[in-house]
Amino acid sequence: MNTKTLLAGIENGNFDTVLTSLYGADQLSMQRARYAKAVGEYIANYGETEDVNVFTVAGRSEISGNHTDHNHGCVIAASINLDIIAVAAKNGENIIRIKSEGFPEDVIDITDETIDEAKFFTSGAIISGVCKG
């Protein structure tokens, strides 16, 4: 869907049924504003896109074993009623660009095999590692 069409649809209530099923009627106004802001920020950062997608993933809280699961350990985790949303589109390049609210943009060339220690402890390092893996 085109970014402007998506933004207008969110603002006009075209996605209220979906937002209500995800968050409840009492959260509709806040979530509509949240999604509209995310799409607006996408447009501001990357321009209009013809084929944009919106994703949501539930948050999780690690009750025990924080960060051991990706090191072959065990973790006890629970889903929480907070989520992360993303507005994304293909860019026709071998570049991943991620702009999170309140953080600088991460730009990752998925063909670059070098290890950039300056990116350690950043989202860019995680993305780069996943691409290399």
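The values are calculated or read from the model by the stated rules, or taken from the named source; none is laboratory data. Here the structure is a predicted model, which means the values were calculated and not measured. Here Cβ is always computed from backbone atoms with ideal geometry, including for glycine, and neighbour counts include all displayed protein chains. Surface accessibility is based on the protein's heavy atoms, side chains included, excluding ligands, DNA and RNA. Shrake-Rupley method; radii C 1.70, N 1.55, O 1.52, S 1.80 Å.
Some observations on this one:
- Anisotropy class of segment 65-133 from Cα gyration tensor, a/c 1.5 cut: oblate
- Top of Ile76, Ile84, Ile110 by mean-square fluctuation, Gaussian network on the chain, Cα under 10 Å: Ile76
- Computed about the Cα centre, the dipole magnitude for segment 1-128 is approximately 440 debye when only Lys and Arg (+1) and Asp and Glu (-1) carry charge, each at its Cβ.
- Inter-site label distance for Asn53 and Arg97 at 7 Å from Cα along Cβ, in nm: 1.9
- Counted by Cβ distance under 15 Å from Gly40, the other residues give a net charge of +1, where Lys and Arg count +1 and Asp and Glu count -1.
- Other-chain or far-sequence residues with amide H under 5 Å of Asp83's (modelled H): Gly59
- Cα gyration tensor shape of the chain, rounded if a/c is under 1.5, else prolate or oblate by comparing a/b with b/c: oblate
- Amide H contacts of Ala77 (H built 1.01 Å from N, under 5 Å, at least 5 apart or other chain): Ile63
- A straight Cα-to-Cα reach below 16 Å connects Lys37 with the lysines Lys4, Lys99, residues fewer than 8 places away in its own chain not being considered.
- Summary value for segment 25-133: 19 percent relative contact order, contacts being C-alpha pairs under 8 angstrom separated by 6+ residues.
- Residue order by solvent-accessible surface for Tyr23, Tyr35 is Tyr23, Tyr35, largest first, with ligands and nucleic acids left out and a 1.4 Å probe.
- Residue-wise HN-Hα coupling along segment 88-95, computed from phi with Karplus coefficients 6.51, -1.76, 1.60 (Hz; x: Gly, Pro): 9, 8, 5, 10, x, 10, 9, 10
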